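What follows draws every value from the coordinates through simple rules; no lab data is involved. Source: prediction; values computed, not measured. In this analysis, Cβ positions are derived from the backbone assuming ideal geometry, glycine residues included, and neighbour counts consider all displayed protein chains.
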């Protein structure tokens with residue numbers, strides 16, 4: 001008989017977790033240096049070269065993309081659950097500091113302009129993310145510092161950009177491939193040489209402090225986050241809700257049709273842009289040389305255009321337009337970085353929607369009282385806190401739909417995975433779940449990838465907190481989908497229809513749920529391949545393919561259910 005529950009986390013990872021949580025109980029700053037050895041001993045799948053004398057550029061770049069750029073000046077990182085916690089603990093009004101952000105991780109952070117970085121965290125999962133990121137960053141910085149201090153006199157950093165031969169010599173002196181050094185140059189851009197000079201001059205000695213890491217503070221922060229939503233849209237307490245955890249662009253783009261109505265503006269931008277790849281892709285789509293979706297491409301280009309000076313005026317225009325079709329955007333300012341949107345189905349205009357939504361079975365939703373509550377997917381255990389809060393204070397939950405990124409052990413980047421078994425490393429539960437989605441629901445909208453249903457997924461505590469031996473155990477047990485939110489969401493779902501708290505270390509059958517439930521993951525990483533991740537830190541154009549394929553499946557499911565629901569009391 002197939003074993004359902006795999007082995008628990010490796011001893012090395014458990015030791016790492018125990019070590020930094022015990023150290024963070026201290027009221028004084030904890031030196032990251034004290035964690036370097038236990039971090040290296042985990043043999044992390046994301047940091048296999050931690051013990052090597054040579055730099056592990058993949059781990060370094062992964063960390064750079066998930067920490068604010070100001071990390072180069074930072075000495076102390078302070079974690080707290082809200083700006084109030086920082087004030088109460090004597091740090092000060094961090095919201096008056098400079099807001100800073102990472103390119104590939106959503107976390108509200110503030111820099112004091114000197115050497116302190118304050119990060120607002122939503123759950124313990126943020127700790128499991130930040131601590132390994134800082135440790136990997138410091139380990140690799142120190143390696144580069146040593147090698148840069150030993151550069152031969154023939155290599156001048158000032159000549160690297162002008163002389164390809166010197167660039168190749170620099171790569172050899174830094175014990176890396178030219179390809180790896182090129183990747184680092186692409187990530188840093190114009191700051192490439194200044195950053196290398198700074199590394200050569202300064203050895204890193206980061207330290208970290210946790211303020212009030214209690215469960216009650218996380219709950220208080222989550223309740224304040226929800227209060228912000230209630231103030232913006234009070235009737236969310238009474239009206240039925242379809243809850244979606246996805247992102248802040250795909251559902252709204254599909255529903256509003258705003259980008260599609262800006263086609264001429266976006267086409268002119270493409271004619272004038274210096275981005276030859278974008279212009280070429282648009283030409284190939286127009287000439288039908290590639291199977292790419294024209295709608296997906298326009299959504300991507302609109303995001304690019306709105307980041308330019310010419311596209312600034314579209315921001316207010318888009319908000320006004322979205323309000324007219326029932327979309328209310330709710331920013332999460334003052335709280336952890338999870339924005340929300342509420343969509344009133346009675347106000348949607350079916351004629352303006354993405355053409356892939358238009359279907360004769362979808363009629364008029366004018367009589368609907370239902371809302372779609374869409375949130376920007378949270379990290380790890382924040383998912384449990386948020387869904388528990390919504391289940392407590394929102395109106396009747398009609399459906400729960402989760403869309404998110406995952407790593408795959410058997411597929412390729414861009415594939416979509418539909419799991420029916422989830423093992424959660426937080427509480428060691430294995431959930432057998434009634435996933436409403438099948439491969440056919442997604443496949444017709446996916447151009448480049450493959451849809452894999454009937455999969456088994458594992459919810460890990462952190463991206464650095466797995467090693468090859470650990471992953472091999474899961475792989476042999478058939479677990480090929482690795483992510484961070486499904487387990488916490490399922491723990492909350494258990495409590496939404498059972499009279500007890502979620503179990504620990506059990507096999508849990510989520511049968512006869514009183515609402516619809518769907519879970520879709522798209523592959524953004526292949527952890528068994530060096531440095532392979534979707535868009536190298538930001539969603540690339542080709543990442544739009546699985547994002548919109550899964551969003552279309554979710555939105556069509558909601559509209560189908562709501563059409564059936566309102567027809568029963570028409």
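Brief remarks on what is shown
- Per-residue ellipticity at 222 nm, computed for the chain from helices alone with -39500 (n - 2.57) per DSSP H run of at least four residues, works out to -12000 deg cm²/dmol.
- Cα gyration tensor shape for segment 427-466, rounded if a/c is under 1.5, else prolate or oblate: oblate
- Between residue 473 and residue 150, the modelled labels are 3.7 nm apart [label points 7 Å from Cα along Cα→Cβ].
- Helix axis angle, 263-272 relative to the chain longest principal axis, alpha carbon, degrees: 20 degrees
- Here the residues 566, 507, ranked from fewest to most Cβ neighbours within 10 Å of their Cβ, fall in the order 507, 566.
- Between the alpha-carbon centres of segment 200-246 and segment 432-468 there is a gap of 26 Å.
- Here the residues 332, 250, ranked from fewest to most Cβ neighbours within 10 Å of their Cβ, fall in the order 332, 250.
- 0 to 90° range, to nearest 10: angle between helix 382-393 axis and the chain longest Cα axis: 30 degrees
- Rounded to 5, percent antiparallel among DSSP beta bridges of segment 11-210: 45 percent
- FRET E, pair residue 333, residue 172, Förster distance 51 Å, beta-carbon r, rounded to 0.05: 0.60
- Sorting 445-451, 199-205, 127-133, 336-342 by their mean Cβ neighbour count within 10 Å, with the most densely packed peptide first, gives 127-133, 336-342, 445-451, 199-205.
- On the beta carbon distance between residue 351 and residue 87, with R0 = 41 Å, the FRET formula returns roughly 0.25.
- What separates the Cα centres of segment 138-172 and segment 70-113 is a distance of 32 Å.
- Ranked 456, 564, criterion: other C-beta atoms within 10 Å, fewest first: 564, 456
- Rounded to 10°, Cα long-axis angle of helix 192-201 versus longest principal axis of the chain: 50 degrees
- Cα shape, segment 215-568, gyration tensor, a/c 1.5 rule: oblate
- C-alpha center-to-center spacing [segment 355-426, segment 309-325] in angstrom: 26 Å
- Efficiency of FRET from Cβ geometry, residue 75 and residue 188, R₀ 22 Å, rounded to 0.05: 0.60
- Of the beta bridges in the chain, as assigned by DSSP with both residues counted there, near 40 percent are antiparallel.
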